[in-house]
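Report on one structure; see the data block that follows.
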Amino acid sequence: MDASAPAVPPVLLDVSGVTLQYKTPRHLVTATYRVDFSVHQGDRYIILGPSGCGKSTLLKAVGGFMPPVEGSIRIRGKEITAPGPDRMMVFQEFEQLMPWKTVYQNVLFPMKVTRKFSRAETARRAEAAIEKVKLTKFRDVYPHMLSGGMKMRVAIARAMALEPDILLMDEPFAALDALTRRTMQQELLALWDQLHFTVLFVTHSIQEAILVGSRILVLSPHPGRVRAELDSSRLDFSNSDTPEFGAMSKRIHNLLFGEEHAHKEAAT
Amino acid sequence: MNAHPDIKQRPEFEQEPSDASAIGDVERPLSFSERIIQNETAQRLAILAVLLIVWELYARWLNNALLFPTFSETVRVFLHDIGNGVLIDRTFTSLRTLALGYGLGLALAALFTTFAVASGVGTRILSTFTAMFNPLPAIALLPLALIWFGLGTPSLVFVIVHSVLWAVALNTLSGFRSVPETLRMSGRNIGLKGARYVGLILMPAAFPSILAGLKIGWAFAWRTLVAAELVFGVSSRSGGIGWYIFEARNDLDTATVFSGLLTVILIGLFVESVIFRALETRTVNLWGMQR
């Protein structure tokens with residue numbers, strides 16, 4: 001990282017030694033154990049891991065919904081203590097939109113609440129964000145009349161319009177059908193090409209990680225520990241059938257599942 | 001693939017979509033009769049009409065005005081008492097007390113539930129209170145109310161508040177509890193806290209339950225009021241609709257009793273199918289939270 005000193009943009013989010021635990025009615029679960037990573041400005045940073053490796057919990061902690069047991073999470077050098085509009089979240093579930101507001105009102109709402117922009121600016125930004133995700137025709141429609149993909153577009157537009165420091169996406173396309181998911185991945189990349197925002201993206205799909213991400217943090221299974229950080233900025237839809245892409249996919253696969261096999265052998 | 005043996009029996013094919021214009025317009029407006037049959041109001045009116053015809057026929061056949069006056073006689077008395085202002089006066093007396101009790105009950109319920117969502121202890125306190133007091137009939141508290149507040153409006157308001165408060169609080173609290181976690185988080189994400197969080201996220205998200213609570217509370221209040229007025233008898237100057245019914249019974253004027261009951265029913269229907277219905281179509285139906 002340090003070798004190419006002039007090209008590396010500044011660190012935006014710094015996670016160091018973070019251990020996360022949460023309580024269920026019967027257990028104290030350790031979700032991640034001493035995780036370190038840092039996200040630079042303009043990164044499409046992916047957290048990839050098998051289900052139950054604490055990647056969503058990690059994202060929630062960055063969102064400020066959960067304090068770490070040890071370690072620290074800093075954004076622009078400031079410790080994260082509570083949720084805030086500088087870290088807008090896009091969730092996997094569709095009910096993140098407010099059913100009592102139209103598409104336009106939903107996109108407007110966070111800007112109105114936070115009073116980040118002037119009124120005229122707020123309205124203009126909302127219109128622009130809706131146009132960017134191609135929903136202008138559905139501006140005054142309530143969320144229950146939209147398809148899953150459209151709801152997700154609204155959620156993304158809502159988050160982007162506020163222009164947060166970092167966009168946190170928690171498996172945003174996991175609940176979509178395969179065709180819609182692919183379209184959404186392409187659209188997200190197209191948006192990134194325009195705006196170069198910073199995004200922290202959680203997924204359990206290796207393919208999605210390579211396609212969408214520029215850097216991939218691979219976590220080990222339960223509890224989540226850092227296994228690798230890889231660079232995938234050169235791999236996207238245009239070269240998804242090249243040997244290079246396949247090699248990366250295989251490498252991640254081995255990182256994730258090779259270890260599990262080794263564990264099994266050690267146990268027997 | 002090409003070597004697949006079935007390909008001869010089941011050849012692959014591609015074709016243009018067939019011409020669908022034969023079916024006419026893909027979307028066409030429903031005809032008048034189709035809409036009438038689907039219309040909820042029309043259906044309700046039809047049910048009502050059948051009921052009234054049965055009433056009229058039965059009463060005529062029975063021919064005993066003391067036990068069961070006819071519909072036409074009831075309507076005559078009803079219109080007569082509206083004409084001379086008695087019924088309107090009685091109704092307004094009742095509605096004024098009702099509005100006071102209902103409003104106060106709602107305000108208290110809002111206060112209680114806001115405390116309840118603020119902390120776990122608050123939730124426990126409210127759920128214990130509702131478990132204790134919700135099953136307690138408001139009428140059973142009337143003797144106590146009479147001792148505390150004497151004859152008159154304050155006693156009535158007290159029992160109405162009791163009947164409204166717990167029903168509304170219970171529904172609102174359960175509504176708040178069933179707000180999806182993702183929606184809560186997206187509210188907190190943009191920094192909403194405290195009263196703004198309750199008002200901008202929880203209240204609208206729980207609105208179907210709150211509305212159900214409002215309806216139940218309204219019905220309880222109206223019931224309690226009429227019953228209390230019947231027990232009460234007169235409160236010196238002006239009695240309400242319950243008193244109107246009670247008076248007529250003393251005079252064995254059954255048609256007037258019926259006209260009083262008709263008034264209660266009509267007001268109930270109006271509030272349910274005009275006020276609450278309008279509220280529903282503008283909110284939960286529009287938002288797709290209720291069908």
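The values are calculated or read from the model by the stated rules, or taken from the named source; none is laboratory data. Predicted model, so just to flag it, every value in this text is computed and none were measured. All Cβ positions, even for glycine, are placed from backbone atoms using ideal geometry, and neighbour counts span all protein chains on display.
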| query | Looking only at segment A:153-174, which residues are farther than 30 Å from A:GLY77 by Cα and touching a helix residue (DSSP H, G or I) at 6+ places or on another chain (Cβ under 6 Å)? | reply | A:VAL154, A:PHE173
| task | Within segment B:36-50, track down each residue that is farther than 18 Å from B:SER273 by Cα and modelled with pLDDT of 80 or more. | result | B:VAL50
| note | Note on segment A:206-233: residues under 13 Å from the mean Cα position of the chain (by Cα) and farther than 10 Å from A:ILE47 by Cα are A:GLU208, A:VAL212, A:SER214
| query | Among the numbered criteria (1) within 14 Å of another protein chain (Cβ to nearest Cβ); (2) of a type in the set (D, E, K, R); (3) surrounded by 14 or more Cβ atoms within 10 Å (Cβ to Cβ), which single criterion is violated by B:ARG291? | reply | (3)
| query | For segment A:138-154, how many residues are touching a residue at least 40 places away in the same chain (Cβ under 8 Å) and more than 12 Å from every other protein chain (Cβ to nearest Cβ)? | reply | 2
| message | Which numbered condition in (1) outside any helix (DSSP H, G or I); (2) surrounded by fewer than 20 Cβ atoms within 10 Å (Cβ to Cβ) is the only one that B:PRO69 fails? | response | (2)
| Looking at segment A:100-137, which of the residues that are closer than 16 Å to B:TRP287 by Cβ and buried (at least 19 other Cβ atoms within 10 Å of the Cβ) is nearest to the other protein chains (Cβ to nearest Cβ)? | A:TRP100
| remark: Residues of segment A:77-99 being part of a strand (DSSP E or B) and away from chain B (no Cβ under 12 Å), in sequence order, are A:LYS78, A:GLU79
| request: For segment B:72-91, enumerate the residues that are exposed (fewer than 14 other Cβ atoms within 10 Å of the Cβ) and under 25 Å from the mean Cα position of the chain (by Cα). | output: B:ILE88
| task | Would you be able to tell me the number of residues in segment A:202-230 that are more than 13 Å from A:PHE37 (Cβ to Cβ) and not in a loop (DSSP other than H, G, I, E, B)? | result | 8
| Filter pass, B:GLY194 being within 14 Å of another protein chain (Cβ to nearest Cβ), surrounded by fewer than 19 Cβ atoms within 10 Å (Cβ to Cβ) and within 25 Å of the chain's Cα centre (by Cα) | no
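Let's see how each residue does on (1) polar (S, T, N, Q); (2) closer than 30 Å to A:VAL11 by Cα:
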residue: A:CYS53; (1), (2): no, yes
residue: A:THR57; (1), (2): yes, yes
residue: A:MET66; (1), (2): no, yes
residue: A:ARG74; (1), (2): no, yes
residue: A:PHE91; (1), (2): no, yes
residue: A:VAL103; (1), (2): no, no
residue: A:VAL107; (1), (2): no, yes
residue: A:ARG119; (1), (2): no, no
residue: A:VAL133; (1), (2): no, yes
| note | Cβ pairs under 6 Å, 6+ apart or interchain, first in segment A:101-129 and more than 21 Å from A:PRO83 (Cβ to Cβ), second acidic (Asp, Glu), ordered by first then second residue, are A:THR102/A:ASP140
| message | For the list (1) more than 14 Å from chain A (Cβ to nearest Cβ); (2) within 27 Å of A:MET89 (Cα to Cα); (3) touching a residue at least 40 places away in the same chain (Cβ under 8 Å), I need the number of the one condition that B:ARG177 fails. | response | (3)
| Hey, A:PHE173 hits all of (1) assigned to a loop (DSSP other than H, G, I, E, B); (2) at negative phi; (3) within 14 Å of chain B (Cβ to nearest Cβ) but one; which does it fall short on? | (3)
| query | So which pairs qualify, if the first residue must be in segment A:219-232 and closer than 9 Å to A:GLY52 by Cβ, the second must be of a type in the set (Asp, Glu), the Cβ gap must be under 9 Å, and the two must be at least 6 apart or on different chains? | reply | A:PRO221/A:GLU259; A:PRO221/A:GLU260
